[in-house]
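What follows is a single structure, written as structure tokens, with notes after it.
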2 protein chains.
Amino acid sequence: MSKYTEFFKALSDEKRLKVFLLLLNEQKGFYVCEIADAISETHYNTSKYLKELRLAGFIKEKKLGRGVLYSAVEPEDDFLKNMFEAMRSIRHDYIDENIKIIRKRVKLRVDDKCIMNISKFNQNNLKKNQQEVRNGRKIRKMERA
Amino acid sequence: MSKYTEFFKALSDEKRLKVFLLLLNEQKGFYVCEIADAISETHYNTSKYLKELRLAGFIKEKKLGRGVLYSAVEPEDDFLKNMFEAMRSIRHDYIDENIKIIRKRVKLRVDDKCIMNISKFNQNNLKKNQQEVRNGRKIRKMERA
DNA sequence: TGCTCATATGCGTATATTAGCATATATTTA
DNA sequence: TAAATATATGCTAATATACGCATATGAGCA
């Protein structure tokens, strides 16, 4: 398969396309579990989507602790550059809802790291919870020292 | 499926992509049998590809006699416009060979109509053959009058 | 009217893709 | 060291896609 058909194929699936559009509008990148939440998909399928997008040359990964931060690549050739640019003309209402979700999701990070099992948090005492996680770690660290 | 994924899906196949690229560089359009030859595909599969591209909003058809002339649409929205433009940055060597073939093939038209079973022509007496077809028709027409 | 030509399409099968599950890996925390 | 966490992957069944063939359609031509 040529690199061109590979390109189009990677984007021919609703969820893969959305994953890429999320990353296209993002500088720092997102964690797998954040993306999974934003597109309402399981972590393992999301992981597979990300792998396909990476192999097709759209995105890159950066391992941080036990998490992996994904972000769009800097397009090197004309084709990719022009395609990325053209994709920015996809109507906002196609992806807006997913962006909203992931923005919320990013705020749930504890010390810049993403928490996977977000269902155990409840929306009301979320900030308290984040603080507790942080405090708990700090105390345990001090106790060890 | 959204119109976006439909777009990418239509181009995710080598031959469909080539069919569209042929038409993207062409004003007047090509006949089905010409395209079939240019991509080395059967007429029925080529016809199916053209149908998919048409349903995805890339190309339009125009019936002329018993032939059908296909050509790229004038892109109406920003997405399509930018995408078509981006696709022009696909390297020439990807499609050059096919363009050569179709250019040759177009020259074989008799009175602007495409001849499907081109194998019955041989390259040496081709022009003679075209002239014969034209003369034969002219004579029969005169005889009827 | 029947025949040929250019194109289209329905159908059955071959092939590819996908999703879900179980499990693996790697890293951090207890 | 063991347990938990975030992510990845191999396997299998379900589903989708593509191809070849036979045949249909519809417009000229004999």
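I'd like to verify a number: residues in region A:24-52 that are of a type outside the set (G, A, S), within 11 Å of DNA strand D (Cβ to nearest atom) and buried (at least 16 other Cβ atoms within 10 Å of the Cβ), how many? Going through region A:24-52 one residue at a time, the tally reaches 11.
Check A:S89, A:S2, A:S12, A:S71 and return the single one that is of a type in the set (S, T, Y), farther than 21 Å from B:F7 by Cα and either within 13 Å of DNA strand D (Cβ to nearest atom) or within 12 Å of another protein chain (Cβ to nearest Cβ) (or both).
None of the others qualify; the one that does is A:S71.
Here B:L21 clears all of (1) within 13 Å of chain A (Cβ to nearest Cβ); (2) surrounded by fewer than 17 Cβ atoms within 10 Å (Cβ to Cβ); (3) away from DNA strand D (no atom under 16 Å from the Cβ) except the condition numbered (2).
All of the numbers you see were taken from the coordinates with simple rules; none came from a lab. Since this is a predicted model, take the numbers as computed values, not measurements. Heads up, the Cβs are rebuilt from the backbone with ideal geometry, glycines too, and the neighbour counts pull from every protein chain shown.
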